[in-house]
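Reviewing the structure listed below.
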Amino acid sequence: MIRYWRTVAVSFAAVLSVASVGIVRAEPPDKTVKSGAASCARPDFRVVLDVGHTAKSPGAKSARGADEFDFNLRLAKQIDQALLEAGFTKTVLMVTAGPGIRSMYARVARANELSANLLLSVHHDSVPDRFLEKWDYNGKPKTFSDRFKGHSIFVSDGNPDPKDSLLFGSMLGQQLKARGLQYTPHYTESFMGRWQRTLLDADAGVYRYDTLFVLKKTQLPAVLLEAGSIANRDEELVMASPERQQLISAAVVNAVDSFCAAQSHKPAQQIAQHSKTRHVLSAHSHQRARERTGNAKLLTPVAQSIFDIH
């Protein structure tokens, strides 16, 4: 969720220390599924579904006090199942553990190791604290904001492949729109302050958010989906429903299929070059991590993170 993050003071050693990343399914089920697009080799196309936040750093609170992480995990599992049933049998559901900053590094490193074609980070939105109002739910004080509702899609120009990231983001936005879902336009408004974003695709609802860590540091096309606002009391209930989760999952499957087909039209040499670049960057990243960890005692604290956490 897009929200205010306090200044973070941690050492590089703490940031780069090992955090566990769980792959929910070690091997996909062995089943034959008919492909809906002949030009897309679904069994060979790998999607990484990044479950936003962790159980220890659960993200935003819903209007009724539920953790964003729980919403993210439920929706990501539904998307994972839909992709598997559609024949994308290499799909990886990635669940990260530990504190927020450590988990960011862990999830990016794991995604870069998987030789994937696409990363989709699954989140649910809230609002900046100044927009929150107080109410009582089940006799307990909670906060909410019914001011905004709808999904939003983010890509980073700092990603090594911003063009393809935007392509998939637009495909996903169009699929959500075709199912009657509307994106929230409030990120374009000046009252959002530091959370104001440039709208790259006004029809599909794709925003540019360059400093999102998981988008910028992942060495493959990457998109972050805020599936809806759980700070909104009505939308929270909708987002918890199986019907909405299935609707979003179907949109993701169709968007992935279209993106896969578009990628298959690229020259083999270009695809191989992108794969080689990702491998070299990932290896370089791991080498730097090992060097920093080995010299942990010599490192000075970082005064402030230059990335936004999701």
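The values are calculated or read from the model by the stated rules, or taken from the named source; none is laboratory data. In this text the structure is predicted, and so the values were computed from the model without any measurement. Glycine gets a Cβ as well: all are built from the backbone with ideal geometry, and neighbour counts include every protein chain shown. Each accessible area value is taken on the protein alone, full model and side chains, heavy atoms only, with ligands, DNA and RNA left out. Shrake-Rupley method; radii C 1.70, N 1.55, O 1.52, S 1.80 Å.
Scanning region 223-235 turns up at least one residue that is open to solvent by less than 50 Å² (accessible area, probe 1.4 Å) and among the hydroxyl-bearing types (Ser, Thr, Tyr). LEU215 fulfils the conditions (1) over 24 Å from VAL108 (Cα atoms); (2) under 18 Å from the mean Cα position of the chain (by Cα) except for a single criterion, (1).
The single residue among HIS310, HIS274 that is modelled with pLDDT under 95, assigned to a loop (DSSP other than H, G, I, E, B) and either aliphatic (A, V, I, L, M) or crowded, with 17+ Cβ neighbours inside 10 Å (or both) turns out to be HIS310. A single entry from SER35, SER39 fulfils the requirement of being open to solvent by 40 Å² or more (accessible area, probe 1.4 Å), in contact with a Cys (Cβ under 9 Å, 6 or more places away or on another chain) and at pLDDT below 95: SER39.
Inside region 191-213, residues that are at pLDDT below 95, open to solvent by 50 Å² or more (accessible area, probe 1.4 Å) and of a type in the set (Gly, Ala, Ser) make up a count of 0. Scanning for something within 19 Å of LEU172 (Cβ to Cβ), touching a residue at least 40 places away in the same chain (Cβ under 8 Å) and surrounded by fewer than 22 Cβ atoms within 10 Å (Cβ to Cβ), does region 56-75 turn up at least one residue? Yes, some residue in region 56-75 is within 19 Å of LEU172 (Cβ to Cβ), touching a residue at least 40 places away in the same chain (Cβ under 8 Å) and surrounded by fewer than 22 Cβ atoms within 10 Å (Cβ to Cβ). Filtering region 140-188 to residues that are over 19 Å from TYR209 (Cβ atoms), of a type in the set (S, T, N, Q) and open to solvent by 10 Å² or more (accessible area, probe 1.4 Å) leaves THR143, GLN174, GLN175, GLN182.
Looking across region 183-203, the residues that are part of a loop (DSSP other than H, G, I, E, B) and not hydroxyl-bearing (Ser, Thr, Tyr) come down to PRO185, GLU189, GLN196, ARG197, ALA202, ASP203.
Entry remark, region 38-54: residues being under 15 Å from MET104 (Cβ atoms) and either acidic (Asp, Glu) or assigned to a loop (DSSP other than H, G, I, E, B) (or both) number 4 in total.
What pairs come up if the first residue lies in region 231-246 and is farther than 13 Å from HIS124 by Cα, the second is at pLDDT 95 or above and among the polar types (S, T, N, Q), and their beta carbons are under 8 Å apart, counting only those six or more places apart or on different chains? From region 231-246, the pairs are PRO242/GLN78; GLN246/GLN78.
Close Cβ contacts (under 9 Å, 6 or more residues apart or on different chains) running from residues in region 170-184 that are acidic (Asp, Glu) to residues that are modelled with pLDDT of 95 or more are absent.
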